[in-house]
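Undergrad: Okay, here's the structure, questions in a sec.
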Amino acid sequence: MTVKPGWTGRVFEDFEVGDVYEHPLGRTVLPVDNSWFTLLTQNTNPIHFDHHYASQTEFGRPLVDSTFTLALVTGQSVTDVSQNVMANLGWDEVRLPAPVFEGDTIYSRSEVLETRESKSRPHVGIVTVKTTGYNQKGTTVIVFKRTVMVFKHGHVPTRPR
């Protein structure tokens, strides 16, 4: 039997400006996800966890906590963008053009906007991507730029086998 390694992620040299990665996994947002994340982050806005309160808003139902949406879509991109990241450097221009509701399924993709050598660390490079999250209807629910410091080939820490 031949043992073949699984996907281990991209290194700096693998990123090319203009590349688009369709992230492979979608995720349906469950009511428990929304209430749990809201409680974990001490978000006290009842629009996220009080169905009666939320029913009186223009949305008529609870909104998913927007920071959950940011975390989910960032997580979906890890396989393609940041599996071999030394550090996140920042999220910029986070936009939420449409609400996310419990029961929505979120998908995402990322486009490489910029790559450059690190000025302070020769074993990593800097990559900026634009990530878009969208629901099961194709409606964009979040867009953001993310900049990461990615290990170069030969510098990714080893993992036990």
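The values are calculated or read from the model by the stated rules, or taken from the named source; none is laboratory data. Everything numeric in this text was worked out from a predicted model, so none of it was measured. Positions of Cβ are backbone-derived with ideal geometry, glycine not excepted, and every protein chain shown enters the neighbour counts.
Undergrad: Pairs please, first residue from the stretch 1-20 and more than 14 Å from GLY125 (Cβ to Cβ) and part of a loop (DSSP other than H, G, I, E, B), second anywhere and of a type in the set (A, V, I, L, M) and at pLDDT 90 or above, Cβ atoms under 7 Å, 6+ apart in sequence or on different chains.
TA: Sorted first by the residue in the stretch 1-20, then by its partner, the pairs are GLY18/VAL112; ASP19/VAL112.
Undergrad: Here's something else I'd like to know. Being aliphatic (A, V, I, L, M), closer than 18 Å to ASP19 by Cβ and within 16 Å of the chain's Cα centre (by Cα) narrows it down to one residue among VAL64, VAL94, VAL143; which is it?
TA: The unique qualifying residue is VAL143.
Undergrad: Also, quick follow-up: Which residues, counting only those in the stretch 14-36, are of a type outside the set (Gly, Ala, Ser), farther than 18 Å from VAL141 by Cα and surrounded by 13 or more Cβ atoms within 10 Å (Cβ to Cβ)?
TA: Once the filter is applied, which keeps residues that are of a type outside the set (Gly, Ala, Ser), farther than 18 Å from VAL141 by Cα and surrounded by 13 or more Cβ atoms within 10 Å (Cβ to Cβ), the stretch 14-36 yields ASP14, PHE15, ASP19, TRP36.
Undergrad: What single numbered condition from (1) of a type outside the set (Val, Ile, Thr); (2) loosely packed, with under 13 Cβ neighbours inside 10 Å; (3) modelled with pLDDT of 95 or more; (4) under 26 Å from MET149 (Cβ atoms) fails to hold for GLY6?
TA: In the conditions (1) of a type outside the set (Val, Ile, Thr); (2) loosely packed, with under 13 Cβ neighbours inside 10 Å; (3) modelled with pLDDT of 95 or more; (4) under 26 Å from MET149 (Cβ atoms), GLY6 misses (3) alone.
Undergrad: Anything in the stretch 37-49 that is surrounded by 14 or more Cβ atoms within 10 Å (Cβ to Cβ) and either modelled with pLDDT of 95 or more or of a type in the set (A, V, I, L, M, F, W, C) (or both)? List them, or say none.
TA: PHE37, ILE47, PHE49
Undergrad: May I pose another question? Six or more apart or on different chains, Cβ atoms under 7 Å: show the pairs whose first residue is in the stretch 103-122 and closer than 25 Å to VAL73 by Cβ and whose second is acidic (Asp, Glu) and not in a loop (DSSP other than H, G, I, E, B).
TA: Close Cβ pairs satisfying both conditions: ARG109/GLU22; SER110/ASP80.
Undergrad: Next question. Does THR57 meet the test of being hydroxyl-bearing (Ser, Thr, Tyr), part of a helix (DSSP H, G or I) and out of contact with any Ser or Thr (no Cβ under 7 Å at 6 or more places or on another chain)?
TA: Answer is no for this residue.
Undergrad: Here's another thing I want to ask about it. Any residue in the stretch 137-148 that is surrounded by 18 or more Cβ atoms within 10 Å (Cβ to Cβ) and among the aromatic types (Phe, Trp, Tyr) sitting within a Cβ distance under 8 Å of a residue that is outside any strand (DSSP E or B) and at pLDDT 95 or above? List the pairs, counting only those 6 or more apart or interchain.
TA: Listed by first residue and then by second, the contacts come to PHE144/LEU70; PHE144/VAL73.
Undergrad: Restricting to the stretch 52-68, name every residue that is closer than 13 Å to GLU102 by Cα and surrounded by fewer than 12 Cβ atoms within 10 Å (Cβ to Cβ).
TA: Listed by number, the list holds a single entry, GLY60.
Undergrad: Something else: Keeping to the stretch 21-51, report how many residues are in a loop (DSSP other than H, G, I, E, B), out of contact with any strand residue (DSSP E or B) (no Cβ under 6 Å at 6 or more places or on another chain) and under 20 Å from GLN76 (Cβ atoms).
TA: So the answer is 5.
Undergrad: What's the number of the condition MET1 fails, among (1) at pLDDT 90 or above; (2) farther than 27 Å from THR128 by Cβ?
TA: (1)
Undergrad: Something else about it: Please pick out the residue among ALA71, ALA98 that is surrounded by fewer than 20 Cβ atoms within 10 Å (Cβ to Cβ) and farther than 25 Å from TRP7 by Cβ.
TA: Within the list ALA71, ALA98, the selection yields ALA98.
Undergrad: Could you tell me whether GLY133 is among the small types (Gly, Ala, Ser) and either within 17 Å of ASP80 (Cβ to Cβ) or surrounded by 13 or more Cβ atoms within 10 Å (Cβ to Cβ) (or both)?
TA: Taking the combined requirement at face value, the residue satisfies it.
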